[in-house]
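Undergrad: This is the structure I want to talk about, given as structure tokens.
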Amino acid sequence: MTHNGSFNQEKSNYSLHHETIRFSPKLAQLCKQAKQRKPQQGDQVFWLEHDSQALGLLRLRPLDGPDQGWLLRGLWVHPAWREQGLGSYLVASAIKDIQNINPLPIYAMATNQLDGFYQRLGFERLMDHNSPTSLQIQSKWQIWIYPS
């Protein structure tokens, strides 16, 4: 099944969920569907559904310890809903919510093909020497930061 048209978050049958400590069974199923690890303690998980169908998810993981920032992990959008703006909506919503809770920098690691995606969302590319130590060992990825 392929969805035609563009994503419109204003429609009432879309629900954005934010889970933190007790992760729901529905989220566990979604992680399995997306072939991602289950969320760990400290993760902030955002996922979107439409008419009870899971459309996408992402995780924000604490980086290196308290007050060092967040690492955006596991951004996934259901294949039938890709290229509709859901990934952008999930990332923008997660940034807004997490900045209200704990305004720290948000880091992302991605291949060059996602440069435009992260730039459009307000992320800035970092050079290795400016990035957190735990991210510097990931040389095949570009490191991005969304400043707090």
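Undergrad: Residues GLY65, GLY116, GLY56: which one is modelled with pLDDT of 90 or more, outside any helix (DSSP H, G or I) and not hydrophobic (A, V, I, L, M, F, W, C)? Full working, then the answer.
TA: Working: GLY65 fails: modelled with pLDDT of 90 or more; GLY116 fails: outside any helix (DSSP H, G or I).
Answer to the selection: GLY56.
Undergrad: Just need a number here: residues in segment 1-25 that are at pLDDT below 85, surrounded by 10 or more Cβ atoms within 10 Å (Cβ to Cβ) and hydrophobic (A, V, I, L, M, F, W, C).
TA: Total satisfying the criteria: 1.
Undergrad: Identify the residue in segment 50-71 that is farther than 20 Å from ILE21 by Cα and not hydrophobic (A, V, I, L, M, F, W, C) and, among all such residues, is surrounded by the most Cβ atoms within 10 Å (Cβ to Cβ).
TA: HIS50
Undergrad: Would you check which residues across segment 72-113 are in contact with a Gly (Cβ under 8 Å, 6 or more places away or on another chain) and either assigned to a loop (DSSP other than H, G, I, E, B) or farther than 12 Å from PRO147 by Cα (or both) and list them?
TA: LEU75, TRP76, VAL77, HIS78, TRP81, GLN84, LEU86, GLY87, LEU90, LEU104, PRO105
Undergrad: For segment 102-133, what are the residues that are under 20 Å from GLN44 (Cα atoms) and in contact (Cβ under 8 Å) with a residue 40 or more places away in the chain?
TA: Scanning segment 102-133 gives PRO103, LEU104, PRO105, ILE106, TYR107, PRO132.
Undergrad: Tally the residues that are surrounded by 16 or more Cβ atoms within 10 Å (Cβ to Cβ) and at positive phi, restricting the search to segment 72-128.
TA: Of the residues in segment 72-128, 1 are surrounded by 16 or more Cβ atoms within 10 Å (Cβ to Cβ) and at positive phi.
Undergrad: While we're on this one: Taking ARG82 as the residue in question, decide whether it is over 14 Å from the mean Cα position of the chain (by Cα), within 23 Å of TRP141 (Cβ to Cβ) and without any contact (Cβ under 8 Å) to a residue 24 or more places away in the chain. Explain how you work it out, then say what you get.
TA: Details: over 14 Å from the mean Cα position of the chain (by Cα): yes; within 23 Å of TRP141 (Cβ to Cβ): yes; without any contact (Cβ under 8 Å) to a residue 24 or more places away in the chain: yes.
Taking the combined requirement at face value, the residue satisfies it.
Undergrad: Could you please tell me which pairs satisfy a Cβ distance under 6 Å, a separation of 6+ or placement on different chains, a first residue in segment 31-58 that is within 17 Å of LEU75 (Cβ to Cβ), and a second residue that is of a type in the set (S, T, N, Q) and in a loop (DSSP other than H, G, I, E, B)?
TA: Pairs that qualify, where the first residue is within 17 Å of LEU75 (Cβ to Cβ) and the partner is of a type in the set (S, T, N, Q) and in a loop (DSSP other than H, G, I, E, B), are GLN44/THR20.
Undergrad: Here's another thing I want to ask about it. Within segment 41-53, which residues are in contact with a Leu (Cβ under 9 Å, 6 or more places away or on another chain) and assigned to a strand (DSSP E or B)? First the steps, then the outcome.
TA: First, pick out the residues of segment 41-53 that are in contact with a Leu (Cβ under 9 Å, 6 or more places away or on another chain): 43-49.
Of everything in segment 41-53, those that are in contact with a Leu (Cβ under 9 Å, 6 or more places away or on another chain) and assigned to a strand (DSSP E or B) turn out to be GLN44, VAL45, PHE46, TRP47, LEU48, GLU49.
Undergrad: Within segment 19-34, which residues are outside any helix (DSSP H, G or I) and either of a type in the set (Val, Ile, Thr) or under 11 Å from ARG59 (Cβ atoms) (or both)?
TA: Pass one, segment 19-34, residues outside any helix (DSSP H, G or I): 19-24, 34.
Listed by number, the residues that qualify are GLU19, THR20, ILE21, PHE23, ALA34.
The values are calculated or read from the model by the stated rules, or taken from the named source; none is laboratory data. Being a predicted model, the structure only gives us computed values, none of them experimental. Reconstructed Cβ throughout: ideal geometry from the backbone, glycine too, with neighbour counts over all protein chains shown.
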